[in-house]
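Shown next, in structure tokens, is the structure this report addresses.
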Amino acid sequence: MNVYTNSIVNVDMTDDVSETTYETLIYTETGIYKKYKKHFFLYETNKNAQEISDGKHSFFVEQQGEDKLNKQHVLTSIPYNCYFVNRTIKKRQLDDNVTCIEETDNGIFENIYFTVSDHEKIKYIRSYLK
């Protein structure tokens, strides 16, 4: 399960990165397409989300399930109004069941979130928030 927060995350991703992956996305009016091998397929995101409020400083939104590629919908031509995104994903293992993930889009826009195995590990994430 992915846990997002609107607070500032205090995790240094320059050291101790366990895995770095790259992906290419195309944002169009009809949806998001992700590159798989040499073609772009429709990228279906999960819509299930739950908000958990921590009284003082942070709000968590949890997303359960996996995002997947729909290989029945291939992008045959690139639309006029679209955005290409080259995403770098860095993963750092904080605990056995907690992983910090930093996504950087086009080297500019940054998104940091956590992946946890159960609800009890959300308490552990609070120590990394400012």
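The values are calculated or read from the model by the stated rules, or taken from the named source; none is laboratory data. Because the structure is predicted, anything quoted here is derived from the model rather than measured. Virtual Cβ from ideal backbone geometry, glycine too; neighbours counted across all protein chains shown.
The table below lists the values:
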| read-out | value |
| --- | --- |
| Tally, over the range 1-46, of residues that are acidic (Asp, Glu) and closer than 25 Å to residue 61 by Cα | 4 |
| Which numbered condition residue 53 fails, given (1) assigned to a strand (DSSP E or B); (2) under 14 Å from residue 2 (Cα atoms) | (2) |
| Conditions (1) surrounded by fewer than 17 Cβ atoms within 10 Å (Cβ to Cβ); (2) in a strand (DSSP E or B): number failed by residue 127 | (2) |
| Residue match in the range 48-66 (condition: of a type in the set (A, V, I, L, M, F, W, C) and without any contact (Cβ under 8 Å) to a residue 12 or more places away in the chain) | no |
| Residue check, residue 71 under 17 Å from residue 20 (Cα atoms) and touching a strand residue (DSSP E or B) at 6+ places or on another chain (Cβ under 6 Å) | no |
| Output for the range 109-130, where each listed residue is of a type outside the set (Asp, Glu) and either under 15 Å from residue 11 (Cα atoms) or modelled with pLDDT of 95 or more (or both) | 111, 112, 113, 114, 115, 124, 125, 126, 127, 128, 129, 130 |
| The range 1-40: number of residues that are without any contact (Cβ under 8 Å) to a residue 24 or more places away in the chain, on the phi < 0 side of the Ramachandran plot and in a loop (DSSP other than H, G, I, E, B) | 4 |
| Selection from the range 75-94 of residues that are surrounded by fewer than 13 Cβ atoms within 10 Å (Cβ to Cβ) and either β-branched (Val, Ile, Thr) or over 14 Å from residue 40 (Cβ atoms) (or both) | 76, 78, 80, 81 |
| The range 99-124 - residue that is over 16 Å from residue 7 (Cβ atoms) and over 14 Å from the mean Cα position of the chain (by Cα) and, of those, surrounded by the fewest Cβ atoms within 10 Å (Cβ to Cβ) | 108 |
